[in-house]
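Structure, as structure tokens:
Where a number appears in this text, it was derived from the coordinates with a stated rule and is not lab data. Owing to the predicted nature of the structure, the values given are computational and were not obtained by experimental measurement. Glycine also receives a Cβ, built like all others from the backbone with ideal geometry; neighbour counts cover every protein chain displayed.
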């Protein structure tokens, strides 16, 4: 079952069709521990509707904070070591990849999160910018994983590579986080073979394509969630991006006008232009 937030209201989609939910508080809805059961009951009680217009999609977030995990894939570990080698920070990433405690950092306030179809941003003081496609968790206030979506963790690699302590500036700025197109809510988590694909278009033509699977992620999503909730409370719940296994080559940087297209099996495609 997929949960969509749109300008026309809250929609549910399943194999049986679409439902427009009446007078639904998205913030209250997405904090429920029993989200799947609640949505199934709502779906059964509401009559059929058509799908929402694609241009009406909003980011599937209410008032939750967005956090992120880093260096959860070997490819990410290698890229971070390379970009920070001259700054002497390369060993940090090797050590955190192998450590029991994961890297976790704050990514975005909800009002800054970019919707499907809206523009993500590259910093004007950076010359090396990439998207990071990430499997993303919806976590209830109790820390339970209740849903899954797609996240784009926009990153300025030259800023973080200059000094690892610059990570907040490389990662946290206006237009640096996109979520969507929906929240997948189901009983079992997506399997290890779930595919994550990234395509970047320039002037309508692909300039970068790659894919990976959840099997390549070193840390289990529930472990990341437990660490995030250690000594930390989220009364509105939160979203957690779980890291990237796709990193464009060092010669690549995003340009204004590019289109970033991220697809995760079972969830859909998150597409954003770049400005």
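Please give the helix 35-45 orientation as an angle from the longest Cα principal axis of the chain, in degrees from 0 to 90, rounded to the nearest 10.
Rounded to the nearest ten degrees, it is 30.
Share of antiparallel DSSP beta bridges in the stretch 65-273, in percent to the nearest 5?
Once the DSSP bridges in the stretch 65-273 are tallied, antiparallel ones form about 90 percent.
Can you give the angle from 0 to 90° between the axis of helix 74-83 and the longest principal axis of the chain, with both taken from C-alpha atoms, to the nearest 10?
Around 40 degrees separate the two axes.
Expressed as a whole number of Å, what is the distance separating the alpha-carbon centroids of the stretch 193-218 and the stretch 19-76?
Comparing the Cα centres of the stretch 19-76 and the stretch 193-218, I get a distance of 24 Å.
With the radius of gyration and the Kirkwood radius both derived from the Cα set of the stretch 211-275, what is their ratio Rg to Rh?
Dividing the radius of gyration by the Kirkwood radius yields 1.04.
Considering every pair of different Cα atoms, what Kirkwood radius, in Å, is found for the stretch 2-56? All intermediate terms of the calculation are to be shown ahead of the outcome.
On the way: mean 1/r = 0.0871 Å⁻¹.
Mean inverse Cα-Cα distance, inverted, gives 11.5 Å.
With each label point set 7 Å from Cα along the Cα-Cβ vector, what nm distance links residue 163 and residue 49?
In this crude spin-label approximation the distance works out to 5.1 nm.
Mean shadow of the chain, computed from the convex hull of its alpha carbons, in nm²?
For the chain, averaging the hull's shadow over all directions gives 13.7 nm².
Please report 114, 46, 172 as a ranked list, fewest other C-beta atoms within 10 angstrom at the top and most at the bottom.
With the sparsest Cβ surroundings first, the list reads 46, 172, 114.
Run the quick spin-label model on residue 62 and residue 236: label points 7 Å from Cα toward the beta carbon, then report their separation in nm to one decimal.
With each label point 7 Å from Cα toward Cβ, the separation is 1.0 nm.
Return the calculated 222 nm mean residue ellipticity for the chain, to the nearest 500 deg cm²/dmol, obtained by summing -39500 (n - 2.57) across DSSP H runs with n ≥ 4 and dividing by the residue count.
Calculated at 222 nm, the ellipticity per residue is -5000 deg cm²/dmol.
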